[in-house]
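First the structure, in the form of structure tokens, and then the observations on it.
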Amino acid sequence: MRRDVNGVTKSRFEMFSNSDEAVINKKLPKELLLRIFSFLDVVTLCRCAQVSRAWNVLALDGSNWQRIDLFDFQRDIEGRVVENISKRCGGFLRKLSLRGCLGVGDNALRTFAQNCRNIEVLNLNGCTKTTDATCTSLSKFCSKLRHLDLASCTSITNMSLKALSEGCPLLEQLNISWCDQVTKDGIQALVRGCGGLKALFLKGCTQQITDEGLITICRGCHKLQSLCASGCSNITDAILNALGQNCPRLRILEVARCSQLTDVGFTTLARNCHELEKMDLEECVQITDSTLIQLSIHCPRLQVLSLSHCELITDDGIRHLGNGACAHDQLEVIELDNCPLITDASLEHLKSCHSLERIELYDCQQITRAGIKRLRELFPGNLPQAVPGCSPQPCCDPQTR
């Protein structure tokens, strides 16, 4: 509550009343109010739009709707909502997330594409009604698109990748994980028009993705920094050789459950891709300590390494890793679940990894309580209780109690 010069009591609400002559509207220029509104989220903007006629105009101004994330409202979002948003935002909209919005389909996304031609980042993850028609619309109207997430849009086929190649030349990141109708032909079509691709996610494309398609990506996209091919069980060392020969900027490689990959391929990769930061090699069951030796020598930026279920890894490989270029101030996470040859000696070898934040040791039968205790002493006061043995236990995490 406050009093004016005449001693009349007024509530703060009067500053935000339905009158276009409210105090705040008189004191602050519309340009400044518009700037303030630009920092608000979707819910707050909608609430502001109900305060007064003046605020309704300002809150719903397209310039305030450049970035929209509707994930929290996914159950309520239908096609007409997306159409209305696109008409309101028009060319202002740069980033839109419809992740999980099951009610949104091709018709709404066509209207969206027509109205929002400056869109750069679009997340359609889990929008299962989406088909090739949507990618055709994006290709026709959205030439500035840089990031597109189509994960779990299972109706997507090679036609979508062909359309994106033809109409979205600036595309840098594409997620088609679990789009199991995509084959090497689609991947090859993508490369022809999207040579600037930096990140490609193919997780769960278990049968269709082969060496031929990915080799084309490596040879045509030299700026590639991230590749996820986890579960693509048909790929071989030919992919690792192609990455090593063509993609020196590679930082992230996820090839979990790619059981045909061997030390030979990872040797070529490590010797040529020195910027590697994260590697998921879970269930790459053929790799041995030889891969760890190469990583320890040639990959000084390595921060995260998953070796779970790599049953041929021994203490000697961990010793090389602990003495490697990445050990002192880079390596943060190492996962060794179900590595039966790992013993307490490996924990000693990791004592030089001062940046270590997490070690996973589930089902490492030869890790003992004494080994865990010694590891805890290396990080006094930081490691949680962790009991080795055959049952899954909390991982050793210096940042978690």
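The values are calculated or read from the model by the stated rules, or taken from the named source; none is laboratory data. Note that the structure is a prediction, hence the values are computed from the model and not measured. Here the Cβ positions follow ideal geometry from the backbone for every residue, glycine too, while neighbour counts run over all protein chains shown. These accessible areas exclude ligands, DNA and RNA; they are computed on the full protein's heavy atoms, side chains included. Shrake-Rupley method; radii C 1.70, N 1.55, O 1.52, S 1.80 Å.
What the table below lists for this structure:
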{"read-out": "In segment 325-376, residue least open to solvent (accessible area, probe 1.4 Å) [restricted to those that are out of contact with any helix residue (DSSP H, G or I) (no Cβ under 7 Å at 6 or more places or on another chain) and of a type in the set (S, T, Y)]", "value": "S355"}
{"read-out": "Counted residues, segment 190-204 - those being open to solvent by less than 30 Å² (accessible area, probe 1.4 Å) and assigned to a helix (DSSP H, G or I)", "value": "3"}
{"read-out": "D185, sole failed condition from (1) under 20 Å from E254 (Cβ atoms); (2) out of contact with any strand residue (DSSP E or B) (no Cβ under 7 Å at 6 or more places or on another chain); (3) charged (D, E, K, R)", "value": "(1)"}
{"read-out": "Among (1) farther than 30 Å from L378 by Cβ; (2) open to solvent by 50 Å² or more (accessible area, probe 1.4 Å); (3) in contact with a His (Cβ under 8 Å, 6 or more places away or on another chain), the one test that H274 misses", "value": "(1)"}
{"read-out": "Complete set of residues in segment 122-148 that are open to solvent by 30 Å² or more (accessible area, probe 1.4 Å) and either outside any helix (DSSP H, G or I) or at pLDDT below 95 (or both)", "value": "N123, N125, T128, K129, T131, S143, K144, R146, H147"}
{"read-out": "Checklist (1) open to solvent by less than 20 Å² (accessible area, probe 1.4 Å); (2) part of a loop (DSSP other than H, G, I, E, B); (3) modelled with pLDDT under 95; (4) small (G, A, S) applied to S233, failing item", "value": "(1)"}
{"read-out": "Of all residues in segment 162-188 being polar (S, T, N, Q) and outside any loop (DSSP other than H, G, I, E, B), the one that is nearest to S137 (Cα to Cα)", "value": "S165"}
{"read-out": "Residues satisfying the stated conditions in segment 205-225, i.e. open to solvent by 10 Å² or more (accessible area, probe 1.4 Å) and more than 20 Å from V121 (Cβ to Cβ)", "value": "T206, Q207, Q208, T210, D211, E212, I215, T216, R219, G220, H222"}
{"read-out": "Neighbours by Cβ (under 6 Å, 6+ apart or cross-chain): first from segment 237-264, farther than 19 Å from I293 by Cβ and open to solvent by less than 40 Å² (accessible area, probe 1.4 Å); second of a type in the set (V, I, T) and in a helix (DSSP H, G or I)", "value": "A242/I215"}
{"read-out": "Subset of segment 149-161 (residues that are outside any loop (DSSP other than H, G, I, E, B) and surrounded by 22 or more Cβ atoms within 10 Å (Cβ to Cβ))", "value": "D149, S160, L161"}
{"read-out": "Residue ID - least open to solvent (accessible area, probe 1.4 Å), chosen from residues in segment 54-91 that are touching a strand residue (DSSP E or B) at 6+ places or on another chain (Cβ under 9 Å), under 15 Å from T44 (Cα atoms) and not in a loop (DSSP other than H, G, I, E, B)", "value": "I68"}
